[in-house]
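Have a look at the structure below, then the notes.
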Amino acid sequence: MSFKDRVAVVTGGAHGIGKAIADAFRSEGAAVEIIDIAPGAHFVGDVGNKETLEAFAADVLKKRGHVDYLVNNALPLMKGIADCAYEEFQYALSVGVTAPFYLSKLFAAHFGKGGAIVNISSSRDRMSQPQTESYTAAKGGIAALTHALAVSFAGRIRVNSVSPGWIDTDYRVYEGPDAVQQPAGRVGTPKDVADLVLFLCSEKAGFLTGENICIDGGMTKQMIYHGDHGWKLER
């Protein structure tokens, strides 16, 4: 999967999954443009801000002239209904849903042939832990936004989303229950997600659009009942 002379844009690309995606694109020959709130040798800014998104898009187009791939990865705030303020919930949606929508809009007329958008959702778009409403709502929103964009961009830009489960960004190796509870037998790594993102952007995925692919080691397919394998529900 060579991406030589292609331009990839990655939000939240300075660390974790985003960095793995950016590094993977670079290793395959792509030029990579990153926006992240963390300081560094990239465009520094908050994707929850409209003017910042406009400035970033203008900067990318001034330097590169076009884009080929947009990966919306920036991480929204996770707070629950007990302590999440109205403004915090709105901010989570701004980062997790509005920013991907607006960047897609800003770059829409500037995608090269074979262009693709990949949105990073989460397995939380279909399952939840308590007190995660802001993050879960944002991830559910971007999963739905994916198929809407795929239909609007039909014939021009393919749009898919990826829903990671437990991904350890420090690449620690887990043993015991943390590993064996996963049908795949281990916890995921950022490279697992990056490999899938590059596949979705490649010509090998040319007939794939509007889809959400869950990459979680099989956890969301595993039914768990009280008493299974010694697991007990306690409230």
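Along segment 109-119, what does the Karplus equation 6.51 cos²θ - 1.76 cosθ + 1.60 (θ = phi - 60°) give for ³J(HN,Hα), rounded to whole Hz, x for Gly and Pro?
So the J values, rounded to whole Hz, are 7, 10, 7, x, 4, x, x, 8, 10, 10, 9.
Obtain the radius of gyration and the Kirkwood radius of segment 7-230 from its C-alpha atoms and give Rg over Rh.
Values: Rg = 17.4 Å, Rh = 17.9 Å.
Reported Rg/Rh (Cα atoms, Kirkwood Rh): 0.97.
Which one, L61, T132, G114, projects farthest toward the positive side of the charge dipole computed for the chain from Cβ point charges (K/R +1, D/E -1)?
Value: G114.
In nm², what is the average projected area of the convex hull enclosing the Cα atoms of segment 1-126? Could you put the intermediate results ahead of the total?
On the way: hull surface 33.5 nm².
The number I arrive at for segment 1-126 is 8.4 nm².
Fewest first, what order do L103, L208 take by the number of other Cβ atoms within 10 Å? Show your work: numbers first, answer last.
Numbers: L103 24, L208 15.
Placing the least packed residue first, the sequence is L208, L103.
Using a Gaussian network model of the chain with C-alpha springs under 10 Å, which one of G188, G115, G176 is most mobile by mean-square fluctuation?
Maximum fluctuation in the GNM of the chain, among the listed residues, is at G176.
Place a +1 charge on the Cβ of each Lys and Arg in the chain and a -1 charge on the Cβ of each Asp and Glu, then give the dipole magnitude about the Cα centre in debye, rounded to the nearest 20.
On the way: 23 positive and 26 negative charges, 131 e Å.
Rounded to the nearest 20 debye, it is 620 debye.
Compute the signed sum of charges (Lys and Arg +1, Asp and Glu -1) over the other residues within less than 15 Å, Cβ to Cβ, of T132.
Numbers: positive: K79, R124, R126, K139; negative: D83, E88, D125, E133.
Once positives and negatives cancel, what remains is 0.
Hey, if you put +1 on the Cβ of every Lys and Arg and -1 on every Asp and Glu Cβ in segment 154-235, which of V197, I157, P177 ends up farthest toward the positive end of that dipole?
I157
Near K50, which aspartates and glutamates are there with a Cα under 17 Å away, not counting those fewer than 8 places off in the same chain?
D36, D59, E87, E88
If the chain between K232 and T169 were fully stretched, how many nm would it gain, using 0.36 nm times the residue separation less the Cα-Cα distance?
Working: separation 63, 0.36 × 63 = 22.68 nm, distance 2.92 nm.
Full extension of this stretch gives 19.8 nm more.
Rounded if a/c is under 1.5, else prolate if a/b is larger than b/c, else oblate: which is segment 16-70, with a ≥ b ≥ c the root eigenvalues of its Cα gyration tensor?
Details: a/c = 2.15, a/b = 1.25, b/c = 1.73.
It comes out oblate by the Cα gyration axes.
All of the numbers you see were taken from the coordinates with simple rules; none came from a lab. It should be emphasised that the depicted structure is a prediction, and the values quoted were computed from it without experimental measurement. When we count neighbours, we look across all protein chains shown, and the Cβ atoms used for this are built from the backbone with ideal geometry, even at glycine.
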